[in-house]
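The values are calculated or read from the model by the stated rules, or taken from the named source; none is laboratory data. The structure displayed is predicted, hence computed values, not measured ones. Note that we place each Cβ from the backbone using ideal geometry, even for glycine, and neighbour counts take in every protein chain shown.
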Amino acid sequence: MNLKSKNILVVIPKNQFQEQELFDTLEVLKASGVNIIVLSKSGQEARGMDKSRFSPDGMLIDWDKQDGFSGKYHAVLVMGGRGAPKSLWNDPILPQILTDHYRAERVIGGIGLGVAVLAQASLLSGEAAGPDDELFLSELKKAGISLSKAPVIQENNMITAAGSEAAKEFARTVLDALVQNIHQ
């Protein structure tokens, strides 16, 4: 299957993103030839937890107005970091985007603290991979989800990853899901 025709939306916190989660995931995805658009709530240059800078392609509110991208993305991925609870967990648009793509049988994924957005959108069931973080665990508990010890979990088109140490495996699992998904 030609992955060059696949479009992936990556959503990052507007600040305090986890560099290794983002950069390792992007490295693996880019190597496959997929088209990637990275958006944040503000669309402005973001600072990572280790002070590196990253300029997203635009604002999350304009997710469906990006040059060269029309219709639904083949995958929507939510990145974590200390900024995720503040800028992504309570975002009104992101759960709608995720739910819309989930219903269209697209690949949905979250890594680190970004996994909580999937739980809040009621898209997870059973267990999920994620960090051993008190605030995160309380979000999972509210959604009736238990934390798995596995670094990456895939349930159909839903993929969750524990954090930075699992970023490359997370990205490879997303790519495998794109190859296997005949609805796209």
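The figures follow:
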{"item": "Of the criteria (1) under 22 Å from Leu123 (Cα atoms); (2) at pLDDT below 95, which one Asn2 fails", "result": "(1)"}
{"item": "Any hit, the range 30-45, residues being of a type in the set (S, T, N, Q), touching a strand residue (DSSP E or B) at 6+ places or on another chain (Cβ under 7 Å), farther than 21 Å from Leu124 by Cα and in a loop (DSSP other than H, G, I, E, B)", "result": "yes"}
{"item": "Hits in the range 60-100 - residues which are of a type in the set (Lys, Arg) and more than 18 Å from Pro13 (Cα to Cα)", "result": "Lys65, Lys72"}
{"item": "Filter pass, Ile12 being touching a His at 6+ places or on another chain (Cβ under 7 Å), surrounded by 14 or more Cβ atoms within 10 Å (Cβ to Cβ) and either at pLDDT 95 or above or not aromatic (Phe, Trp, Tyr) (or both)", "result": "no"}
{"item": "Residue check, Leu147 closer than 24 Å to Gln20 by Cβ and at pLDDT below 95", "result": "no"}
{"item": "Filter result for Leu60 (aliphatic (A, V, I, L, M), more than 22 Å from Val152 (Cα to Cα), in contact (Cβ under 8 Å) with a residue 12 or more places away in the chain and buried (at least 18 other Cβ atoms within 10 Å of the Cβ))", "result": "yes"}
{"item": "Filter result for the condition that a residue is among the charged types (D, E, K, R) and surrounded by 19 or more Cβ atoms within 10 Å (Cβ to Cβ), over Arg53, Arg82, Arg106", "result": "Arg106"}
